[in-house]
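A quick write-up on the structure given underneath.
The values are calculated or read from the model by the stated rules, or taken from the named source; none is laboratory data. Remember, it's a predicted structure, so these values are computed and weren't measured experimentally. Every residue, glycine as well, gets a Cβ built from its backbone with ideal geometry; the counts of neighbours run over all protein chains shown.
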Amino acid sequence: MKLRLIALAGASIALVGLSACAVDEAYYGPPSTFADVDYDGFYDGYYGPFYGGYWGPGGNFYYWDQGHRHYHRDTTGHFRRDGGGGGSFSPIRGHAPSSRGGRRP
């Protein structure tokens, strides 16, 4: 019984460790179906200066974070395909990188 509990505890620790490795696949750059394309959009300036990004899976925008040197998914609507309301969004234009690899667009 004790041996079984020890094995179960070890397996649980291993699974928790592996789950910490899960990363949004678009963190390193666009999948090929979303790569190497020009885009237009609108941004409200919330994250600071705009360095680039791409429209990715699920219609989400992934923006380049110059400080962290990788992409982040905009989950709160600071990037939009349309101008939005209130006039707080400025037009942006960019080009999605052609390959994965976490490089600046």
Does the range 48-65 hold any residues that are over 15 Å from HIS95 (Cβ atoms) and over 13 Å from the mean Cα position of the chain (by Cα), and which are they?
GLY48, PRO49
The range 53-79: number of residues that are in contact (Cβ under 8 Å) with a residue 24 or more places away in the chain, part of a strand (DSSP E or B) and crowded, with 21+ Cβ neighbours inside 10 Å:
6
Meets criteria (in contact with a Gly (Cβ under 8 Å, 6 or more places away or on another chain) and modelled with pLDDT under 75) for ALA20:
no
